[in-house]
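**Q** One structure coming up, written as structure tokens, with questions to follow.
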Amino acid sequence: MNKKRVIIVGGGIAGLYTAFQLEQLNIPYVLFEAKDVFGGRIHSEQPKGSNDESLFHDLGPTWIFPHHYRMKALAANLQQNLFHQHIAGAVVYHEHTNISPKIIKNGQGPLLHRLEGGLYKLILALQAKLSKSNYQLSCQVDSLIKVNDTWQVTVKNTKDASVVIHETDNLILALPPRLIHEYLTPAHWASEALTKALVAVPTWMANQAKFIATYNKPFWRDNGLAGQAFSRVGPMMEIHDASAADQQGFALFGFIGLSSQAIKSVSIEHLKAQCINQLKLLFGEAAEDYEQCYLKSWGNDVHVATDKDRAGAPAHPDFNIKRFSQELSSLNLYLAASEFSEQDAGYLEGAINAANTAISLLKKTVLFKSH
């Protein structure tokens, strides 16, 4: 068996940020990620044939809110620039199929920040800070067992199906609660109360689906529009300017108002065509002259959504982690995903906050054992 002082499960922003902090603290660790790329719910597409390899289009989280100072600090630390979400111009509202869309002249949204070039640049910047020997992609954790004071972590390589059992004193789970319940065998190590709490908390974003169309110029801005629209007709219910930077990487994105089951039952190409037709209706014929379009249904991603997520209504995560502090401490187990944060749970800021909390508790344990 291979033993590390710390094992991190999950390579989304929380897991990568945790690994980044452990690197700086010189605490030995290994990070396992089931997919062949990092990012988790931060998923972006890079335009095919683009001459600019620094631009990505976000199909997951997009915005950094003004009070998200941890995310702002991380972006600055990694030398990544922020810019303001484009909101200047009129907003379009479509109430009913029998009524033409209306233009609201003075419509404005809140002041939000975006990462220049797309949020995936933050993932790449974090990955670049890690020693390659400290992480393994395409490695899915299939089982967790606590034997005395040691965690036994069964890891399957998804490419060659090989299985290795790793051991660690301290385990950090940077995964949403329901994914922990689904894949990491809590029946072997968790109390009944903790098990029930894990399955009860919805996975943030699991019920969302997002569409993006890219353009060589922001025709909506030229027409005095913000690129923002709200619709009760669909298929997209809310649309925004999704440009990857203030003056380049022009795009529009929308949240699709269909369940993951409904999306799975239709042709993706047909749904993309419907989205383009909606953009034409709302913003004009120029919307048809798109370069590329992408669609991501998070509810149909097995690494994000569970059956309970797909069947339930979207809800904000609320996990009372203090209730389980004694149990988690006795297990040397740390929960670092955004859903476990006591502030801004579900958001990017929550992921950094949850990771910071886990690292703070881990440092106390490691320093205590070192003396």
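The values are calculated or read from the model by the stated rules, or taken from the named source; none is laboratory data. Values in this document were obtained by computation on a predicted structure and should not be read as measured data. Neighbour counts are summed over all protein chains in view; Cβ atoms, including those assigned to glycine, are modelled from backbone coordinates with ideal geometry. Just so you know, the surface numbers come from the protein's heavy atoms only, side chains and all, with ligands and any DNA or RNA stripped out. Shrake-Rupley method; radii C 1.70, N 1.55, O 1.52, S 1.80 Å.
**Q** Apply the a/c threshold of 1.5 to the C-alpha gyration tensor of the range 313-362 and tell me whether it is rounded, prolate or oblate. Walk me through the intermediate numbers first.
**A** On the way: a/c = 2.77, a/b = 1.51, b/c = 1.84.
Since a/c reaches 1.5 but b/c is at least a/b, the shape of the range 313-362 is classed as oblate.
**Q** Just to be sure I understand the model, the point goes 7 Å from the Cα along the line to the Cβ. What's the resulting ALA161 to LYS363 distance in nm?
**A** A separation of 4.5 nm, rounded to one decimal place.
**Q** Once each part is reduced to its C-alpha centroid, what is the distance from the range 34-106 to the range 165-215 in angstrom?
**A** 25
**Q** Could you give the angle, 0 to 90 degrees to the nearest 10, between helix 348-370's Cα long axis and the longest principal axis of the Cα atoms of the chain?
**A** Roughly 10 degrees, rounded to the nearest 10.
**Q** Assuming 0.36 nm per residue, please report the length gained on full extension of the stretch ALA88 to ARG221 beyond their Cα-Cα distance.
**A** Numbers: separation 133, 0.36 × 133 = 47.88 nm, distance 0.81 nm.
Taking 0.36 nm per residue and subtracting the Cα distance, the gain is 47.1 nm.
**Q** Nearest 10 degrees, 0 to 90: what angle lies between the long axis of helix 268-283 and the longest principal axis of the chain (Cα atoms)?
**A** Compared with the principal axis, the helix lies near 50 degrees.
**Q** Give me the distance in nm between label points sitting 7 Å out from Cα along the Cα-to-Cβ direction at ALA311 and PHE65, one decimal.
**A** Computed distance between label sites ALA311 and PHE65 equals 3.1 nm.
**Q** If a paramagnetic tag sat 7 Å from the Cα of ALA200 along the Cα-Cβ line, which residues of the range 161-194 would have the backbone N under 11 Å from that point?
**A** Answer for the range 161-194: 193-194.
**Q** May I pose another question? So what is the calculated 222 nm ellipticity per residue for the chain, using -39500 (n - 2.57) for each DSSP H run with n of 4 or more, over all residues, to the nearest 500 deg cm²/dmol? Intermediate values should be presented prior to the final figure.
**A** Details: 11 runs with 107 residues, N = 371.
Here the helix-only value at 222 nm equals -8500 deg cm²/dmol.
**Q** Could I ask something else about it? Just to confirm, what accessible area per residue do you get for the range 31-187 at 1.4 Å probe, in whole Å²? Could the numbers behind the result be given before it?
**A** Details: 7470 Å² over 157 residues.
Here the residues of the range 31-187 average 48 Å² of exposed surface.
**Q** Would you work out if the chain is rounded, prolate or oblate? Take a ≥ b ≥ c from the square roots of the eigenvalues of the alpha-carbon gyration tensor; rounded if a/c is under 1.5, else prolate when a/b is larger than b/c, oblate otherwise.
**A** Numbers: a/c = 2.11, a/b = 1.85, b/c = 1.14.
Prolate is the answer for the chain, as a/c is 1.5 or above and a/b outweighs b/c.
**Q** When the dipole is taken about the Cα centre of the chain, and only Lys, Arg (+1) and Asp, Glu (-1) are charged at their Cβ, what size is it in debye, to the nearest 20?
**A** Numbers: 34 positive and 34 negative charges, 128 e Å.
Using Cβ point charges on Lys, Arg, Asp and Glu, the chain gives about 620 debye.
**Q** Over the range 247-371, average the accessible area per residue using a 1.4 Å probe and give it in Å², no decimals.
**A** Working: 6150 Å² over 125 residues.
For the range 247-371, the per-residue accessible area is 49 Å².
**Q** Can you compute the FRET efficiency between ASP149 and ALA273 using 1/(1 + (r/R0)^6), with r the Cβ-Cβ distance and R0 = 56 Å? Round to the nearest 0.05. Before the final figure, lay out each step's value.
**A** Values: r = 57 Å, r/R0 = 1.03.
Efficiency, rounded to the nearest 0.05: 0.45.
**Q** Describe numerically, in nm with one decimal, the distance between label points set 7 Å from Cα along Cα→Cβ at GLU327 and at ALA128.
**A** Rounded to a tenth, the inter-label distance reads 4.2 nm.
**Q** Which three extents, in angstrom, do the Cα atoms of the range 92-193 have along their principal axes, listed largest first?
**A** Result for the range 92-193: principal-axis Cα extents of 65, 38, 29 Å.
**Q** Please list 317-326, 279-288, 201-210 highest first by mean number of surrounding beta-carbon atoms within 10 Å per residue. Could you put the intermediate results ahead of the total?
**A** Working: 317-326: 14.3, 279-288: 17.1, 201-210: 23.6.
Per-residue Cβ counts within 10 Å, averaged per peptide and sorted highest first, yield 201-210, 279-288, 317-326.
**Q** On to the next question. Given Cβ point charges of +1 (Lys, Arg) and -1 (Asp, Glu) and nothing else, what value in debye, to the nearest 20, does the dipole of the range 92-225 about its Cα centre take? Intermediate results must be reported in sequence, preceding the final value.
**A** On the way: 14 positive and 10 negative charges, 149 e Å.
The calculated dipole for the range 92-225 is roughly 720 debye.
**Q** Is there a quick way to get the dipole size of the range 1-152? I mean about its Cα centre, with the Cβ of Lys and Arg at +1 and of Asp and Glu at -1; what is the value in debye to the nearest 20?
**A** Details: 15 positive and 11 negative charges, 65 e Å.
For the range 1-152, the charge dipole is close to 320 debye.
**Q** Tell me, what ³J(HN,Hα) does each residue in the range 223-229 have, in order and in whole Hz, if you take phi through Karplus 6.51 cos²θ - 1.76 cosθ + 1.60 with θ = phi - 60° and put x for Gly and Pro?
**A** Here the 3J(HN,Hα) series is 9, x, 9, 7, x, 10, 8 Hz.
**Q** How much of the accessible area of the chain, probe 1.4 Å, is carbon plus sulfur, in whole percent?
**A** Numbers: 8290 of 16750 Å².
Carbon-and-sulfur percentage of accessible area, whole number: 49.
**Q** Rounded if a/c is under 1.5, else prolate if a/b is larger than b/c, else oblate: which is the range 202-331, with a ≥ b ≥ c the root eigenvalues of its Cα gyration tensor? Could the numbers behind the result be given before it?
**A** Working: a/c = 2.78, a/b = 1.94, b/c = 1.44.
Taking the square roots of the gyration eigenvalues as a ≥ b ≥ c, the range 202-331 is prolate.
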